[in-house]
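Let me begin by presenting the structure, written as structure tokens, before commenting on it.
Each value in this text was obtained by applying a stated rule to the coordinates, not by laboratory testing. Only a predicted model underlies this, so the values are computations on that prediction, with no experimental measurement involved. We place every Cβ from the backbone using ideal geometry, glycine too, and count neighbours over all the protein chains shown.
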Amino acid sequence: MRLTLAHVGVRFGAKDPFDALAGMYLERCSIFAGCGAEAFKTEQALLEWLDRQQGRTPVIAVLLDSRGRQMTSEAFAAWLGARRDEGAQHVVFAIGPASGWSDAARGRARLLLSLGSLTMAHALARLVMAEQLYRACTILTGHPYHTGH
């Protein structure tokens, strides 16, 4: 299964500390699954990119949205594991534009996921999501990174 962390907005430079940390977690995650990151200037560009993704199974779009479902790390890992076990080839986790997702984008999502009711900078949300992807992979494989505390 391939995991992509996408965002709508500016590309972060190599010297951006949040981008470096998010990249570190995606690199760690790549031991367990193919991982990557993508940046899009607009929501429409992201949606068009999703339409072009080819595979045996349709790409699963997960949009981070404050109105979405909140999960524990264990529940998130179980959700991701269920997609893997269903044979999903590609899951994209996307952080939207500052103005939020359109109704069309929300309708396209398989899951609206909330990182909590606090508002946070998109760069920080990317870092949190990258770490949670790594954590989910370690939970699914029994790696000792996640202790459950």
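The mean sequence distance of close C-alpha pairs (under 8 Å, at least 6 residues apart), as a share of the length of the chain, puts its relative contact order at 36 percent. Charge dipole of region 2-141 (Cα centre as origin; +1 on each Lys and Arg Cβ, -1 on each Asp and Glu Cβ, all else neutral): 100 debye, rounded to the nearest 20.
Shown is the FRET efficiency for ASP51 and ARG11, computed with R0 = 22 Å from the Cβ-Cβ distance and rounded to the nearest 0.05: 0.55.
Here the label points at ARG69 and GLU86, each 7 Å from Cα along the C-beta direction, are separated by 0.9 nm in the simple model. Within the listed set ARG135, ARG67, ARG106, the residue fluctuating most in the Gaussian network model of the chain (springs between alpha-carbon atoms under 10 angstrom) is ARG67.
By other beta-carbon atoms within 10 Å, ranking TRP49, TRP101 with the fewest at the front produces TRP49, TRP101. Fewest neighbouring Cβ atoms within 10 Å first, the residues ARG84, ARG69 line up as ARG69, ARG84. Neighbour counts of other Cβ atoms within 10 Å put LEU63, LEU133 in the fewest-to-most order LEU63, LEU133. Full extension of the chain between ALA78 and SER117 gives 11.9 nm of extra length, using 0.36 nm per residue less the Cα-Cα distance. Can you tell me how region 12-78 classifies by the Cα gyration tensor, rounded, prolate or oblate, using a/c under 1.5 as the rounded cut? Rounded is the answer for region 12-78, as its axis ratio a/c remains below 1.5. Rounded, prolate or oblate: pick one for region 26-149, where a ≥ b ≥ c are the square roots of the eigenvalues of its C-alpha gyration tensor, a/c under 1.5 means rounded, and failing that, prolate if a/b is larger than b/c, else oblate. Oblate, because a/c is 1.5 or more while a/b does not exceed b/c.
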